[in-house]
């Protein structure tokens, strides 16, 4: 990937591999667009029009993938923010944001057409079991 222009295939691959739902993508892009400002769970819930519990789960999911980080101070409300990992990752997120803005319906459809995270996790576990069995032979 070049820092300047990630290929459209790289953008699509990132979305397919890293994004579980449209709210996950929108949360990531809100944090990206307002960096370095951290967002509270409550603030994200209001911005996404979801419950605080749903927003918390979304932020945890995105953080678990290493795309955002928790940035809460001791005693403060839980907050998350975008922290740059590399110029390449920043360029990719810039391209994802631009693509989503230009091709909202296509990107949303691509996300919705994926199997649910639970189904993908089950398939991944099955694949790992199958690969281990082949190694034993």
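Observations
- Within segment 90-107, tally of residues that are within 16 Å of residue 30 (Cα to Cα) and either within 14 Å of the chain's Cα centre (by Cα) or in contact (Cβ under 8 Å) with a residue 24 or more places away in the chain (or both): 10
- Taken over segment 38-66, residues that are in contact (Cβ under 8 Å) with a residue 24 or more places away in the chain, touching a strand residue (DSSP E or B) at 6+ places or on another chain (Cβ under 8 Å) and farther than 16 Å from residue 90 by Cα amount to 6.
- When 28, 59 are checked against the criterion of being modelled with pLDDT of 95 or more, surrounded by 18 or more Cβ atoms within 10 Å (Cβ to Cβ), within 23 Å of residue 109 (Cβ to Cβ) and touching a helix residue (DSSP H, G or I) at 6+ places or on another chain (Cβ under 8 Å), 28 stands alone in meeting it.
- Residue 20 meets all of the listed conditions (1) more than 11 Å from the chain's Cα centre (by Cα); (2) in a loop (DSSP other than H, G, I, E, B); (3) surrounded by 13 or more Cβ atoms within 10 Å (Cβ to Cβ) but one, namely (1).
- Number of residues in segment 45-85 that are at negative phi and more than 15 Å from the chain's Cα centre (by Cα): the value is 15.
The values are calculated or read from the model by the stated rules, or taken from the named source; none is laboratory data. Note that this is a predicted model, so its numbers are computed, not measured. Ideal geometry is used to build each Cβ from the backbone, glycine not excepted, and the neighbour counts take in all protein chains shown.
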